[in-house]
1. Of the conditions (1) open to solvent by 30 Å² or more (accessible area, probe 1.4 Å); (2) under 14 Å from the mean Cα position of the chain (by Cα), ARG73 satisfies every one except a single condition; which number is it?
2. Can you tell which of VAL91, VAL53 is modelled with pLDDT under 95, under 23 Å from THR4 (Cβ atoms) and either hydrophobic (A, V, I, L, M, F, W, C) or open to solvent by 50 Å² or more (accessible area, probe 1.4 Å) (or both)?
3. Would you please name the residue that is most open to solvent (accessible area, probe 1.4 Å), looking only at residues in the range 1-50 that are without any contact (Cβ under 8 Å) to a residue 40 or more places away in the chain and under 20 Å from PRO81 (Cα atoms)?
Amino acid sequence: MRFTFNPGGQITFGASIRNPGPWPVTITDIAVDDGPVDQHVFKVARLAANHAVDEATAVAFDPATAAPLRSIRVGAGRDLPVLITITIPDVEQAPGAGLFFDDLAVDFEVLGLPRHQRVQMGFRLFVHSPTGYVPAEGRPGD
């Protein structure tokens, strides 16, 4: 997925978190970066999901009915579609350069034990700067 670099702008995209294991898991958090918060390139502005009513209810991507992500149980072999809104950072970009990521950091519990795992999204999200960009505070004369 390719988006135009727009410092301070926001991008919303969908991803599906699958529980391939034999036991239900409880998703507790999803992040674009899993290092220290002050070092994240993209800031997550909103996490939302379409929560199923019960195990038999199908869930789908529906931005109109998505609710903020909260701890949610995902059954064995089931998926949790999430909508993630990120804010594009105000950082210098060379012409033709960009920022990208292709996985998410997922915190979850299985059998009561906390886990943390990087999960491949199946696509790369690329924020492209065709003409380059210099933040205002980095421009000559500022």
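The values are calculated or read from the model by the stated rules, or taken from the named source; none is laboratory data. Here the structure is a predicted model, which means the values were calculated and not measured. We place every Cβ from the backbone using ideal geometry, glycine too, and count neighbours over all the protein chains shown. Note: areas computed on protein heavy atoms with side chains; ligands, DNA, RNA excluded. Shrake-Rupley method; radii C 1.70, N 1.55, O 1.52, S 1.80 Å.
1. (2)
2. On the way: VAL53 fails: under 23 Å from THR4 (Cβ atoms).
Of VAL91, VAL53, the one residue that is modelled with pLDDT under 95, under 23 Å from THR4 (Cβ atoms) and either hydrophobic (A, V, I, L, M, F, W, C) or open to solvent by 50 Å² or more (accessible area, probe 1.4 Å) (or both) is VAL91.
3. Of the range 1-50, the ones without any contact (Cβ under 8 Å) to a residue 40 or more places away in the chain are 35-40, 46-50.
Now drop any that are not under 20 Å from PRO81 (Cα atoms), which leaves 46-50.
On the way: ARG46: 102, LEU47: 33, ALA48: 1, ALA49: 1, ASN50: 15 Å².
Going through the qualifying residues, I end up with ARG46.
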